[in-house]
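Step one of this worksheet: look at the structure below.
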Amino acid sequence: YASLQPGRYEVWVYIPDLYTTTQYAHYWIAHAGGFTLRVVDQNANGGRWVSLGTYNFVGAGQDYVSLNDVTYEPYVSRLIAFDAVKWVLR
């Protein structure tokens, strides 16, 4: 969970260089409007910050980004990694 002040933020995730062979990383963003799913190709974005979009957040400890290992790729054929998230006030 993020400790944010209420407001509009752009959400960024950092994709590590290693252990990121999935093309379908499923990130869920919990924000004031509900939940949004963004699918990111980690294999093509290693070593980069990737924007998940801009959202309104309530700032009451209910805001978060999650990543799970369900990619719908063949079992144990891909690697997925999670490093850092940043919120940039817009």
Residue-normalised accessible area of the chain, given per residue in Å² at a 1.4 Å probe: 60 Å²
Quick one: accessible surface of Arg78, probe radius 1.4 Å, all protein chains present, in square angstrom to the nearest 10. 110 Å²
Amide proton proximity set for Arg8, modelled H, under 5 Å, gap of 5+: Phe57, Arg90
Below 8 Å between Cα atoms, with a sequence gap of 6+, how large is the relative contact order for the chain in percent? 48 percent
Read phi for every residue in the range 48-64 and hand back ³J(HN,Hα) as whole Hz from Karplus 6.51 cos²θ - 1.76 cosθ + 1.60, θ = phi - 60°, with x for Gly and Pro. 10, 8, 10, 7, 9, x, 10, 9, 8, 10, 7, x, 10, x, 10, 8, 7
Most positive-pole-ward Cα, Ala81, Val50, Gly34, against dipole of the chain from beta carbon charges: Gly34
Given DSSP loops and a limit of at most 11 other Cβ atoms within 10 Å, what is the longest stretch of the chain that contains no such chymotrypsin sites (Phe, Trp or Tyr not before Pro)? 2-71
Does the chain come out rounded, prolate or oblate, given a ≥ b ≥ c as the square roots of the eigenvalues of its C-alpha gyration tensor, rounded meaning a/c under 1.5 and, failing that, prolate meaning a/b above b/c? prolate
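The values are calculated or read from the model by the stated rules, or taken from the named source; none is laboratory data. Here the structure is a predicted model, which means the values were calculated and not measured. Methodologically, a virtual Cβ is constructed for each residue, glycine included, from the backbone with ideal geometry; neighbour enumeration extends over all protein chains shown. SASA here: full protein model, heavy atoms, side chains in, ligands and nucleic acids out. Shrake-Rupley method; radii C 1.70, N 1.55, O 1.52, S 1.80 Å.
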